[in-house]
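Colleague: One structure is given below, represented as structure tokens, and several questions about it will come after.
The numbers here are math on the coordinates, done by the rules we state, and not lab data. Keep in mind that what you see is a predicted model, and the values were worked out from it rather than measured. Quick reminder, even Gly has a Cβ in these numbers, built from the backbone with ideal geometry, and neighbours come from all protein chains shown.
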Amino acid sequence: MDWETDAGRMRPAFEDDAVFALLAEEERRQRDTLQMVAAASTAPWQVLWCNGSVLTNVTGEGYPGRRYHSGCGVFDRLEELACRRARDVFGASFANVQPHSGTNANLAALRALLPRGGKVLSMSLKAGGHLSHGARASVTSTLYGVHHYGVTRDGLIDLEEVRTLALGLRPDVVICGGSAYPRELDFAAFRKIADEAGAALLADVSHIAGLVAAGLHPSPVPYAHLVTTSTYKQLAGPRGGLVLGGTNVPDPGELERRVGAAVFPGVQGTPAPHSIAAKAWAFGHVATPDFHAMCRRIVTAARAVAEVFADHGYALVGSGTDTHMVLADLRGTGTTGWVAEKALESCGVLVNRNVVPEDTLPAAVAGGLRIGTNTLAARGGDAEHARRAAELIVGVLDSVESHGPTSYTLPPAARALARRRVAEICGELEDVPAGPLSPTTTNVQEVMQP
């Protein structure tokens, strides 16, 4: 490809300055904002390289050695490498790396475990579950008979309630895991309940997969029949999904076959070879000391955020955190999750509004605020950076003037102070990794050196 230099930057000669300018703007935005969305992370440049590689040109429906297209020899070896690395990292009986997302992984896992119209017991969305676990807005609610368990007033899973519901319902599948549960999950207890009810156990660890791989959270692999995760949140990989086979299942070979058929041709067609290459790199990286050190920073940073919020009198769902996530209950403060999110975004801090247990506000407004530390830790941040970030967040929340669920003003002085503190923290963090030929690449020849 031909490249031209413009003001010290490499500009791709693809004759589209509009796209180039937007990519450059996005790169600057990521570098200069404090990203604390719990569902986000930062992909290393190697992942970006794989995602932009010539594997994009490969079409290869099917599985290694059993493709419906020719020219897939290299892709076969990459997919086999990705599967082997995923199995090794998590200690799983098998791995399917083809799902395009965590939701697709869940769709495939459910298709493999129960028939259409079968019964599912999962955590409700308001209690911290995920859309793809049978929420009304998801296709899963139309495919299966879904029933939900919740959490206590303190935001904790009541395993006795789960057991009572499971024994009464006798579901085909029990799902544990979610998108807004900040405490440790007891997979052994869930498996005991599933066995007693005659159900299979599906564990969705999309938010905690990195902590599981690093040994900082108990693994579901010895207990769940199937484990699903997205690959971009805490694994710092590409957008995509993963299905893992548990080690305590009657016939792992048959289960692997059913999962394979459920992924392709069950819920999707052609895999994404470039994404699978990026997954292979990410799974290799997950096994390194650097990744494990990052995960330790994720946990200590989240605890620091929780401590700051508690010290300032904010209620926390679950009374704290064991993971990367802090869920603040803003009800009673006069500020909705929507107002908090928008006010903080105007200061350069990215978090997201989130429903909390017994929330009476709609999800688009929400009574809570979800804060995560994946990206902060990926950029080299530690507990002290997290503590400072939490203090500035609390400062904004204390300064904002709400005029309704979706209306507010923030004093200019408070916004200016927050922006200065964001700039200070971001200036101390590592730059957001860029692709080797990104808008801010200054010397393409150096990047291309072996």
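Colleague: Which percent, to the nearest 5, of DSSP beta bridges fully inside the chain are antiparallel? Can you show the working numbers first?
Modeller: Working: 27 of 43 bridges.
Bridges in the chain that DSSP calls antiparallel: roughly 65 percent.
Colleague: With a cut-off of at most 13 other beta carbons within 10 Å, and DSSP calling the residue loop, which chymotrypsin sites (Phe, Trp or Tyr not before Pro) in the range 229-304 qualify? Please list them. Could the numbers behind the result be given before it?
Modeller: Values: sites: 232, 281, 283, 291; in loops: 232.
Answer in residue order: no site qualifies.
Colleague: Right, something else. For the range 289-428, with only Lys/Arg (+1) and Asp/Glu (-1) charged at the beta-carbon, what is the dipole magnitude about the Cα centre, in debye rounded to 20?
Modeller: Numbers: 14 positive and 16 negative charges, 61 e Å.
For this selection, approximately 300 debye.
Colleague: Positive end of the dipole of the range 54-286, charges at C-beta (+1 Lys, Arg; -1 Asp, Glu), about the Cα centre: which of 202, 157, 100 has its Cα farthest in that direction?
Modeller: In the range 54-286, that residue is 100.
Colleague: Tell me, what HN-Hα J-couplings in whole Hz come from the Karplus equation 6.51 cos²θ - 1.76 cosθ + 1.60 at θ = phi - 60° for each residue of the range 45-59, using x for Gly and Pro?
Modeller: These are the phi-based 3J(HN,Hα) values: 4, 5, 5, 5, 4, 4, 5, x, 7, 5, 5, 4, 7, 8, 10 Hz.
Colleague: A further question follows. Can you compute the modelled spin-label distance between residue 21 and residue 160, with each label point 7 Å from Cα toward Cβ, in nm?
Modeller: With each label point 7 Å from Cα toward Cβ, the separation is 6.4 nm.
Colleague: Continuing with this model, one more query. Between residue 363 and residue 423, how many nm apart are label points set 7 Å from Cα along the C-beta direction?
Modeller: It is 3.8 nm.
Colleague: Given H placed on each backbone N at 1.01 Å, which residues far from residue 149 in sequence or on other chains put an amide H within less than 5 Å of it?
Modeller: 122, 123, 124
Colleague: The range 54-286: Rg/Rh from Cα coordinates, Kirkwood Rh?
Modeller: Details: Rg = 17.0 Å, Rh = 17.6 Å.
Reported Rg/Rh (Cα atoms, Kirkwood Rh): 0.97.
Colleague: Follow-up question, since we're still on this one. Can you give the net charge of the other residues whose Cβ lies under 10 Å from the Cβ of residue 353, counting K and R as +1 and D and E as -1? Could you put the intermediate results ahead of the total?
Modeller: Working: positive: 342, 370; negative: 341.
Around residue 353, the surrounding residues sum to +1.
Colleague: Here is a further query. Based solely on its DSSP helices, what 222 nm [θ] is calculated for the chain when runs of n ≥ 4 H residues each add -39,500 (n - 2.57) and the sum is averaged over all residues, nearest 500 deg cm²/dmol? Walk me through the numbers before you get to the answer.
Modeller: Details: 16 runs with 184 residues, N = 450.
When only DSSP H runs of four or more count, the value is -12500 deg cm²/dmol.
Colleague: What number comes out for the charge environment of residue 107, summing +1 per Lys or Arg and -1 per Asp or Glu over other residues with Cβ under 13 Å away? Provide the component values of the computation, followed by the final result.
Modeller: On the way: positive: 111, 116; negative: 204.
Spelling it out: positives minus negatives among the neighbours equals +1.
Colleague: Still on this structure, please answer the following. Are there trypsin sites (Lys or Arg not before Pro) in the range 105-202 that DSSP marks as loop and that have at most 10 other Cβ atoms within 10 Å, and which are they?
Modeller: Values: sites: 111, 116, 119, 126, 136, 153, 163, 183, 191, 192; in loops: 116, 126, 136, 153, 183.
Filter output for the range 105-202: 116, 136, 153.
Colleague: Starting from the Cα of residue 54, step 7 Å along the direction of its Cβ; do the same at residue 387; then give the gap between the two resulting points in nm.
Modeller: Going by the 7 Å Cα→Cβ label model, 5.2 nm.
Colleague: Quick one: Karplus J couplings for the range 399-411, per residue in order, coefficients 6.51, -1.76, 1.60, θ = phi - 60°, nearest Hz, x for Gly and Pro?
Modeller: Using θ = phi - 60°, the values come out as 8, 5, 10, 7, 10, x, x, 10, 9, 7, 10, 10, x Hz.
Colleague: When the Karplus curve 6.51 cos²θ - 1.76 cosθ + 1.60 is applied with θ = phi - 60°, which whole-Hz ³J(HN,Hα) does each residue of the range 148-163 get, with x for Gly and Pro?
Modeller: 10, 10, x, 10, 6, 4, 7, x, 10, 5, 9, 5, 5, 5, 4, 4
Colleague: Could you name the lysines in cross-link range of residue 342, using Cα to Cα under 27 Å and dropping any fewer than eight places away on the same chain?
Modeller: Straight-line reach from residue 342, under 27 Å: 126, 233.
Colleague: Which shape class applies to the range 289-428: rounded if a/c is under 1.5, otherwise prolate when a/b exceeds b/c and oblate if not, where a ≥ b ≥ c are the square roots of the Cα gyration tensor eigenvalues? Intermediate values should be presented prior to the final figure.
Modeller: Numbers: a/c = 2.10, a/b = 1.32, b/c = 1.59.
Verdict is oblate for the range 289-428.
Colleague: Sticking with this structure for a sec: Which value, in debye to the nearest 20, describes the size of the charge dipole of the chain about its Cα centre when Lys and Arg Cβ atoms bear +1, Asp and Glu Cβ atoms bear -1, and nothing else is charged? Before the final figure, lay out each step's value.
Modeller: Values: 41 positive and 47 negative charges, 164 e Å.
Roughly 780 debye, rounded to the nearest 20.
Colleague: Continuing with this model, one more query. Would you work out if the range 135-259 is rounded, prolate or oblate? Take a ≥ b ≥ c from the square roots of the eigenvalues of the alpha-carbon gyration tensor; rounded if a/c is under 1.5, else prolate when a/b is larger than b/c, oblate otherwise.
Modeller: Working: a/c = 1.36, a/b = 1.16, b/c = 1.17.
The shape class here is rounded.
Colleague: For the chain, rounded, prolate or oblate, judged on the Cα gyration tensor with a ≥ b ≥ c (square roots of eigenvalues), a/c < 1.5 rounded, else prolate if a/b > b/c?
Modeller: On the way: a/c = 1.88, a/b = 1.05, b/c = 1.79.
Oblate.
Colleague: Can you figure out the FRET efficiency of residue 188 with residue 152, using R₀ = 22 Å and their beta-carbon distance, to the nearest 0.05?
Modeller: It comes to 0.65.
Colleague: Still on this model: Which residues' amide hydrogens lie under 5 Å from the amide hydrogen of residue 200, considering only partners 5 or more residues apart or on another chain, with H built in the peptide plane?
Modeller: 173, 174
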